[in-house]
Amino acid sequence: MTVELYQVGLILKPKGLKGEVKVLPVTDFPESFLDRKVFYTGRDGEQAVRRTVLHAVMRKGFAYLLFSGVDSREKAEALSGSMVYVDRDALIPLPPDRAYLHEIRGLKVVDDSGVEMGVVHDVLQMPAHEVYEIKCGNRVILVPAIEEFVEEIAIAEGYMVLKRFEEFL
């Protein structure tokens, strides 16, 4: 697959006998499942297949999708465990103070004096708040994604400024 894809859901299981699937949204915009007509599904982005939505419903926090060509419970069962993706053009624009996870991963991390300390490797979802996983040489440092530690995030410039970074070393 040559299209850059972003995960928005996970297919849990079939629903009924006609090919509908139950999807767990993993997006801040679950209602977008009702408007989109195209998704990609696959075990990973490299093997994802483009699918056209024939019908979409939201119930109790889950999306129920019927894809063209998936017309039996057996075909829907084969999709169970697959990820649901959208391409870059389908991403919903965010307000200036928000960012997508893929925009944060790979940011250079500098301390409040401008010294480069590492790179954001991942953003972990924790019960209280998100946590930045930062690779500093051969070490991994976890920093809470809260104002107390994050001074600035400059997506376009490719860096993040963390205050009090030495407390995590």
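Just to be sure I understand, if you calculate volume of the Cα convex hull per residue in Å³ for this structure, which of (1) 127; (2) 159; (3) 138 do you get?
The calculated read-out lines up with (3).
Listing 134, 141, 155 from the residue with the fewest other Cβ atoms within 10 Å to the one with the most, what is the order? Don't jump to the answer; show the numbers that get you there.
Working: 134 22, 141 18, 155 15.
With the fewest neighbours first, 134, 141, 155 line up as 155, 141, 134.
Normalised by the residues of segment 101-168, what does the relative contact order come to in percent, with Cα pairs under 8 Å and at least six apart?
Numbers: 132 pairs, mean separation 20.6, N = 68.
Computed over segment 101-168, the figure is 30 percent.
For residue 145, what residues show an amide H to amide H distance below 5 Å, using hydrogens built from the backbone and excluding near sequence neighbours?
Those lying under 5 Å, H to H, from residue 145 are 130, 131, 132.
Please enumerate, by chain and number, the lysines with C-alpha under 25 Å from the C-alpha of residue 18, excluding those fewer than 8 residues away in the same chain.
Output for residue 18: 37, 60, 75.
Charges only on Cβ, +1 for Lys and Arg, -1 for Asp and Glu: so what's the dipole of the chain about the Cα centre, in debye to the nearest 20?
My answer is approximately 1280 debye.
Sum -39500 (n - 2.57) across every DSSP H segment of at least 4 residues in the chain, then divide by the residue count to get the 222 nm mean residue ellipticity, nearest 500.
Details: 2 runs with 11 residues, N = 169.
So the helix-based figure for the chain works out to -1500 deg cm²/dmol.
Using +1 at the C-beta of Lys and Arg and -1 at the C-beta of Asp and Glu, which of 120, 162, 110 has the Cα lying farthest in the positive direction of the dipole of segment 101-168?
Result: 120.
I want to check the label-to-label distance for residue 75 and residue 148. Put each point 7 Å from Cα in the C-beta direction and report it in nm to one decimal.
About 5.3 nm separates the two model spin labels.
Which residue, 12, 124, 24, tops the fluctuation ranking in a GNM of the chain built on C-alpha contacts under 10 Å?
Evaluated over the chain, the most mobile residue of the options is 124.
Sort 121, 129 so the one with the fewest other Cβ atoms within 10 Å of its own Cβ comes first. Could the numbers behind the result be given before it?
On the way: 121 16, 129 10.
Ordered from fewest to most neighbouring Cβ atoms within 10 Å, 121, 129 come out as 129, 121.
For the pair residue 3 and residue 52, how long in nm is the line joining their label points, each one 7 Å along Cα→Cβ?
Rounded to a tenth, the inter-label distance reads 1.3 nm.
Where a number appears in this text, it was derived from the coordinates with a stated rule and is not lab data. All of these numbers come straight from a predicted model, not from anything done at the bench. Positions of Cβ are backbone-derived with ideal geometry, glycine not excepted, and every protein chain shown enters the neighbour counts.
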